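Have a look at the structure below, then the notes.
The values are calculated or read from the model by the stated rules, or taken from the named source; none is laboratory data. Only a predicted model underlies this, so the values are computations on that prediction, with no experimental measurement involved. Cβ: placed from backbone, ideal geometry, glycine included. Neighbour counts: every protein chain shown.
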Amino acid sequence: MKANKITLILLFIFSVLCVNAQDKLPAVNVKTIDGATFNTANINNNGQPIIIDFWATWCKPCVQELTAISDLYEDWQKTTGVKIYAVSIDDARNSARVKPFVNARGWEYQILLDPNADLKRAMNVGDIPHTFLINGKGEIIFQHAGYAPGDENELYEKLLESIKANAVK
């Protein structure tokens, strides 16, 4: 009986993940790091993959993850063409801290601000960091919440898989 329940739970989780894997990025207005309004429908990378990473200045695992990826980002871009959008969920009071925070770390990501958590809600993000991988067709094909050292390697493997899958089709 217990094994049946576990099997049903696993099937449910798998089906939810399969449905979520085909989701598209919602169109929501956010801000650029310079304060301009930006609609997420304009996020694009000319058919190449995109990573969207939700983070905040006060979130230590978020900063660890983005720093770890930053060390690899140039190589990732050369091998996969990926573009990373780091979406800060710092509230309006703390949004002014984001630009100097990012500049001090030398992050080369596209930085977006979501101070009202509109995009965060639209993408059903709970805990941060929360990372999404979007294929060249604009489909969300992988997501991961939280960070432990080495998670960037799994993300890179998923990125490579998406490139291979795109090349086969």
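Of the residues contained in the stretch 48-64, none is found to be modelled with pLDDT under 95, surrounded by 16 or more Cβ atoms within 10 Å (Cβ to Cβ) and not in a loop (DSSP other than H, G, I, E, B).
The set of residues from the stretch 111-169 being over 12 Å from the mean Cα position of the chain (by Cα) and β-branched (V, I, T) comprises I163, V168. Evaluate the stretch 110-128: report whether one residue or more is charged (D, E, K, R) and within 25 Å of L160 (Cα to Cα). No, because not a single residue in the stretch 110-128 is charged (D, E, K, R) and within 25 Å of L160 (Cα to Cα).
Whenever a residue of the stretch 137-156 is surrounded by 13 or more Cβ atoms within 10 Å (Cβ to Cβ), its partners that are of a type in the set (S, T, N, Q) and in a loop (DSSP other than H, G, I, E, B), lying with C-beta atoms within less than 6 angstrom and at least six residues away or across chains, give the pairs E139/Q22; I141/N135. Among the candidates A41, A21, A96, A86, the residue that is modelled with pLDDT of 90 or more and either within 17 Å of V125 (Cβ to Cβ) or of a type in the set (F, W, Y) (or both) is uniquely A86.
Please list, ordered by residue number, the strands (runs of 3 or more DSSP E) wholly in the stretch 73-159 having 2 or more residues that are farther than 24 Å from N29 by Cβ and touching a helix residue (DSSP H, G or I) at 6+ places or on another chain (Cβ under 7 Å). Outline the logic, then answer.
Values: elements: 83-88, 110-113, 130-134, 140-145.
In the stretch 73-159, the matching strands (runs of 3 or more DSSP E) lie at 140-145.
If the condition is being under 18 Å from L159 (Cα atoms) and more than 15 Å from the chain's Cα centre (by Cα), then the stretch 77-110 contributes Q77, K78, T79, T80, G81.
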